[in-house]
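Here the structure comes first, spelled out in structure tokens, and everything after it is commentary.
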Amino acid sequence: MSTRTALSLQNGAATLQDKVNDVLRLAQQLGASQAEANANFGTGFSVNVRLREVETLSHQRDQGLSITVWLGHRKGSASTSDLRPEAIEESVRKACALARYGAEDPASGLADVDRLAKSIPELSLYHPWAIDPAAAIDLATTCEAAALDFDPRVTNSEGASVSTSESLRVYGNSHGFRGSYPESDHSISCSVVAAEDGAMETDYEYAVARAAADLPSPAEIGAEAGRRTVARLGGTKLETCTAPVLFPARVARGLIGHLLSAISGGALYRKSSFLVDALGKPVFASRVTIDEQPHLLKALASAPFDNEGVATSERRLVDAGVLGGYLLGSYYARKLGMQSTGNSGGAHNLVVHSTGETFADLLKTMHRGLVIADLMGSGVNPVTGDYSRGASGFWVENGRIQHPVTEITIAGNLKDMFLGIQGIGTDVDRRGAVLTGSILLEQMAIGGS
């Protein structure tokens, strides 16, 4: 993006800081015992090309201010996208009015002072992209062309897109904490359709990064979208069976995502988690080690502090299969008689350590089984861990992919699935908050014809 945008973010930091200070000062004047304010500003644009023609070009410019006040342990919140002084004052007054009628909750309040970040590490999260819409359209066109030209069986397109955004967040509270940092996100994606013998399949590929220089070329992304789509043609049904299942890295992120939900404070307090009272117990195979690493440079889920200003820090969540920690913000930490772990707002770079095998190694270890390409539906019970989802993928014999399969279901229980992990690949997917390679499970029930 242009230097002008970078300068506007720098100027915006001082402006948003002033707005946060105004909120906290006014809240105190109105009798609030505690208060916090979160201000944000963002700008960017995206282009979408379909069948070699521009379909959409959209610009975004957003700003907002969220306010929370406490009168003792009674809480009130309000938000506004209008940052004029009179609008801010009205929002603070509304928050205070709501707090007066709120219910007392001893667990409610700001994060404890000793948990707040004392310094803001530089995590290299802001890398403006000097690109204009015309250049972005060229990149998207190149990306889609590489997919459409990959194979004659690629007959249609759902489009290719290029997007870029920059944002700034400023957080402050009445404990005296003030913190801010800018971020950037840039992405390229493509989705196409392939047809053969009257059957059609669709698939996609994408890349996202803090710095545009870290994105693969548009042609690489498009060609991979074409390759993935064509590979799914000719899918057949399977006989119902029990077999090993390999979750490729892009799908394995979702598998680990069920862990994040199960160890979050809200689920644990409500006892709506299959991992209630699992702290200090083996919940994964002993080969599995998982760290939270919030300060990885340029990573998509890195953050110097959480949504409450609590310092983020590296820690081991799973050590040789044993669960070593939860994901807690201040509120549910107090409800559980614990302390915040700096996870108000979610996890920050969950790193699932590889057990050293390549994807090809995992295929050989599996010998005969199923590689997942796509999952459908949301048949996961968070209380019991029961897992059942529609799927498509590829059948493996003698450690080699033989043919695509479709219209199947896979079923198991997350407790057994986690304990049955046989290997984690070196092919780490870094496009989200969970950084993991492919994951091989010992066995699952596969429903077919």
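The values are calculated or read from the model by the stated rules, or taken from the named source; none is laboratory data. None of these values were measured; they are calculated from a predicted model. Backbone-built Cβ (ideal geometry, glycine too); neighbour counts: all protein chains shown.
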Assess whether residue 325 counts as being over 30 Å from residue 182 (Cβ atoms) and either surrounded by fewer than 19 Cβ atoms within 10 Å (Cβ to Cβ) or assigned by TED's automatic domain parsing to the domain that holds residue 37 (or both).
-> no
Residue check, residue 231 against (1) buried (at least 19 other Cβ atoms within 10 Å of the Cβ); (2) over 24 Å from the mean Cα position of the chain (by Cα), all met but one. Which one?
-> (1)
Checked segment 98-115 for anything over 32 Å from the mean Cα position of the chain (by Cα) and among the basic types (Lys, Arg); matches are 100
Test: residue in segment 330-340 that is crowded, with 18+ Cβ neighbours inside 10 Å, of a type in the set (Gly, Ala, Ser) and part of a helix (DSSP H, G or I) | yes
Residue count, segment 349-364, condition crowded, with 16+ Cβ neighbours inside 10 Å and in a helix (DSSP H, G or I), comes to 4
Of all residues in segment 18-54, how many are assigned to a helix (DSSP H, G or I) and of a type in the set (A, V, I, L, M)?
-> 5
Part of a strand (DSSP E or B) and more than 27 Å from residue 125 (Cβ to Cβ): does that describe residue 207?
-> no
Is at least one residue of segment 361-370 touching a helix residue (DSSP H, G or I) at 6+ places or on another chain (Cβ under 8 Å) and among the acidic types (Asp, Glu)?
-> no
Search result, residues across segment 186-199 that are surrounded by fewer than 19 Cβ atoms within 10 Å (Cβ to Cβ) and of a type outside the set (A, V, I, L, M) = 187, 196, 197, 198
Among 385, 379, 390, the single one that is surrounded by fewer than 18 Cβ atoms within 10 Å (Cβ to Cβ), in contact with a Lys or Arg (Cβ under 6 Å, 6 or more places away or on another chain) and not assigned by TED's automatic domain parsing to the domain that holds residue 211 is 379
Which residues, counting only those in segment 122-134, are under 23 Å from the mean Cα position of the chain (by Cα) and surrounded by 16 or more Cβ atoms within 10 Å (Cβ to Cβ)?
-> 123, 125, 126, 127, 128, 129
Is it the case that residue 108 is surrounded by 16 or more Cβ atoms within 10 Å (Cβ to Cβ), part of a loop (DSSP other than H, G, I, E, B) and either touching a Lys or Arg at 6+ places or on another chain (Cβ under 7 Å) or not assigned by TED's automatic domain parsing to the domain that holds residue 345 (or both)?
-> yes
Can you tell which of 30, 24 is in contact with a Cys (Cβ under 6 Å, 6 or more places away or on another chain) and either assigned by TED's automatic domain parsing to the domain that holds residue 133 or among the aromatic types (Phe, Trp, Tyr) (or both)?
-> 30
Could you grab me the full set of residues in segment 56-81 that are among the charged types (D, E, K, R) and either surrounded by 14 or more Cβ atoms within 10 Å (Cβ to Cβ) or modelled with pLDDT of 95 or more (or both)?
-> 74, 75
Taking the stated definitions as given, is residue 279 touching a strand residue (DSSP E or B) at 6+ places or on another chain (Cβ under 8 Å), assigned by TED's automatic domain parsing to the domain that holds residue 348 and in a loop (DSSP other than H, G, I, E, B)?
-> yes
Counting only residues that are under 19 Å from residue 59 (Cα atoms) and in a helix (DSSP H, G or I), segment 120-143 contains a total of 9
Which of the residues spanning segment 414-427 are farther than 14 Å from residue 246 by Cα and either touching a helix residue (DSSP H, G or I) at 6+ places or on another chain (Cβ under 8 Å) or surrounded by fewer than 18 Cβ atoms within 10 Å (Cβ to Cβ) (or both)?
-> 414, 416, 419
Please work out if residue 36 is under 20 Å from residue 131 (Cα atoms) and assigned by TED's automatic domain parsing to the domain that holds residue 157.
-> no
From the set of residues in segment 210-220 that are among the aliphatic types (A, V, I, L, M) and assigned to a helix (DSSP H, G or I), which is farthest from the chain's Cα centre (by Cα)?
-> 219
Would you check if residue 275 is touching a Phe, Trp or Tyr at 6+ places or on another chain (Cβ under 8 Å), in contact (Cβ under 8 Å) with a residue 40 or more places away in the chain and farther than 30 Å from residue 189 by Cα?
-> no
Selection from segment 221-245 of residues that are small (Gly, Ala, Ser) and in a strand (DSSP E or B) | 243
Only one of (1) surrounded by fewer than 19 Cβ atoms within 10 Å (Cβ to Cβ); (2) over 21 Å from residue 393 (Cβ atoms); (3) in the same structural domain as residue 329 (by TED's automatic domain parsing) does not apply to residue 257, and that is (2)
